[in-house]
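A.B. asks: This structure is in structure tokens; I'll ask about it shortly.
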Amino acid sequence: QVQLVESGGGLVQAGGSLRLSCAASGRTGSTYAMGWFRQAPGKEREFLAAISRSGGITTYADSVKGRLTVSRDNAKNTVYLIMNSLKPEDTANYYCAAGVDITTMRRKGADYWGHGTQVTVSS
């Protein structure tokens, strides 16, 4: 079992940046690929980014590529999502997740989920 706790969400002005963090406990974070999803009102859950268990490979949704960067620090069992050039349409609840590999996470989802952190982008 893996427990995931997100932090770093909040209110940010359009064009600004934000860094989300996800702390993993239980099984070591390096055992899993990890990533980020989001869900906005009226929309289904959307895949954003994922990173391999060692941090050497990343993948991003086409809709956010270039504005988001995912990274991890396995010594701290922590995964990060850096978001730049934020837009009001980025407003959503952001979820950290752990899964078998980054391709499976992108296509099918994840095995473990955090409870989410709200990001609100004002104009």
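A.B. asks: Given (1) modelled with pLDDT of 95 or more; (2) closer than 21 Å to residue 1 by Cβ, where does residue 53 come up short, assuming only one miss?
C.D. replies: Failing condition for residue 53: (1).
A.B. asks: Moving on to the next point. Determine whether region 105-122 contains at least one residue that is touching a helix residue (DSSP H, G or I) at 6+ places or on another chain (Cβ under 7 Å) and crowded, with 18+ Cβ neighbours inside 10 Å.
C.D. replies: Yes, that holds for at least one residue.
A.B. asks: Could you list, in sequence order, all residues of region 12-57 that are assigned to a strand (DSSP E or B), farther than 18 Å from residue 108 by Cβ and polar (S, T, N, Q)?
C.D. replies: 13, 21, 25
A.B. asks: Return the residues of region 22-42 that are within 18 Å of residue 82 (Cβ to Cβ), open to solvent by 20 Å² or more (accessible area, probe 1.4 Å) and touching a Phe, Trp or Tyr at 6+ places or on another chain (Cβ under 8 Å); say none if nothing qualifies.
C.D. replies: Hit for region 22-42 is 38, nothing else.
A.B. asks: Pairs, please: C-beta under 7 Å, at least 6 apart or cross-chain, first residue closer than 10 Å to residue 22 by Cα and in region 90-101, second assigned to a strand (DSSP E or B) and hydroxyl-bearing (Ser, Thr, Tyr)?
C.D. replies: Qualifying pairs under 7 Å: 97/112.
A.B. asks: Which ones in region 78-99 are assigned to a strand (DSSP E or B), touching a Leu at 6+ places or on another chain (Cβ under 9 Å) and open to solvent by 10 Å² or more (accessible area, probe 1.4 Å)?
C.D. replies: Taking region 78-99 first, the residues assigned to a strand (DSSP E or B) are 78-83, 92-99.
Now narrow it down to the ones that are touching a Leu at 6+ places or on another chain (Cβ under 9 Å): 79-83, 94-98.
Listed by number, the residues that qualify are 80, 82, 95.
The values are calculated or read from the model by the stated rules, or taken from the named source; none is laboratory data. Quick caveat: nothing in here was measured; it's all calculated off a predicted structure. Methodologically, a virtual Cβ is constructed for each residue, glycine included, from the backbone with ideal geometry; neighbour enumeration extends over all protein chains shown. For accessibility, only protein heavy atoms count, side chains too; no ligands or nucleic acids. Shrake-Rupley method; radii C 1.70, N 1.55, O 1.52, S 1.80 Å.
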